[in-house]
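Q: Have a look at the structure that comes next, please.
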Amino acid sequence: MERKTTSAVTIGLLASLVLIVLALVIYFANLYTERWIQYVSIAIFGGSIIWGVVNHGKETGYQATFGGLFGFGFKIVAVITVLMVAYTIAQGFLFPEIKEKFVEQARIEAAKNPNADPNQIEQGIQWFEKNFTMFMIFILLFWYVISGAIAALIGAAVTKKKTPFENSFNQ
């Protein structure tokens, strides 16, 4: 009887659910402009991918190749990314005040630069406000794909793999 393995979609769904719950906690606790909370999200994101890849290796009896493990990890990344983009779009409609908070935070950060021209700051803020959802989606896509690929590589690298020599004795 062949052992059943957990699919990348299942792991991606569970990780996305945890990330969405965390995002809601961050929102209701009014922590979304705090930088330290981003590290918690990144740790959950990366940790879930690495765990998923290592678990997949274990479930396959460590028969998977590095490329197969990386591909499995990248499938997890794709599922999480799609669901988090969908959540980001929905969040813009459910919690429109988040946009105002981010715009205000951007205005404060821009004002800290002593060489910044006030007119340029205001133009940049207006552009950011006008394109907020698109900007957030591009940032999310970029960072999730890059950091997810790194996590998938780490997961594939740390997962034990049987050598061809070991496989010849197990047949």
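Here, each number is a calculation from the coordinates, and none is a lab measurement. Since the structure is predicted, the reported quantities are computational estimates derived from the model, not experimental observations. Methodologically, a virtual Cβ is constructed for each residue, glycine included, from the backbone with ideal geometry; neighbour enumeration extends over all protein chains shown.
Q: Under the 0.36 nm per residue contour assumption, what length would be gained going from the current alpha-carbon distance of residue 101 and residue 17 to full extension?
A: Extra length available between residue 101 and residue 17 comes to 27.8 nm.
Q: Here is a further query. Which loop-located trypsin sites (Lys or Arg not before Pro) does segment 36-118 contain, where loop means any DSSP state but H, G, I, E or B and the Cβ has at most 14 other Cβ atoms within 10 Å?
A: Passing sites in segment 36-118 are 112.
Q: Which net charge results for the neighbourhood of residue 53, defined as the other residues with beta-carbon distances under 15 angstrom from its beta-carbon, given Lys and Arg at +1 and Asp and Glu at -1?
A: Cβ neighbours under 15 Å give a net charge of +3.
Q: Give me the count of lysine pairs in the chain whose alpha carbons sit under 16 angstrom apart, restricted to pairs 8 or more positions apart or on different chains.
A: Number of lysine pairs found: 6.
Q: Of the options 63, 19, 95, report the single residue whose Cα projects farthest towards the positive end of the charge dipole of segment 8-169 (beta-carbon charges: Lys, Arg +1; Asp, Glu -1).
A: Farthest towards the positive pole: 63.
Q: Can you give me the angle between helix 8-28 and the longest principal axis of the chain, using Cα atoms only, in degrees from 0 to 90, rounded to the nearest 10?
A: Once rounded, the angle reads 30 degrees.
Q: Let me ask something else about it. Quick one: grab Rg to one decimal and Dmax as a whole number for segment 1-153, Cα atoms only, in Å.
A: 18.7, 70
Q: So how far, in whole Å, is the C-alpha centre of segment 73-89 from the one of segment 31-53?
A: Using only Cα atoms, the two centres lie 14 Å from each other.
Q: Further question on the same structure: Using a Förster radius of 35 Å, what is the FRET efficiency between residue 6 and residue 93 based on their Cβ-Cβ separation? Nearest 0.05, please.
A: 0.60
Q: Quote to one decimal, in nm, the extra length available between residue 28 and residue 62 on full extension: 0.36 nm per residue of separation minus the C-alpha distance between them.
A: So the chain would gain 8.0 nm between residue 28 and residue 62.
Q: If you don't mind, another one. Taking the Cα centre of segment 21-145 as origin, work out the dipole magnitude from +1 charges on Lys and Arg Cβ and -1 charges on Asp and Glu Cβ, in debye rounded to 20.
A: Working: 8 positive and 9 negative charges, 70 e Å.
For segment 21-145, the charge dipole is close to 340 debye.
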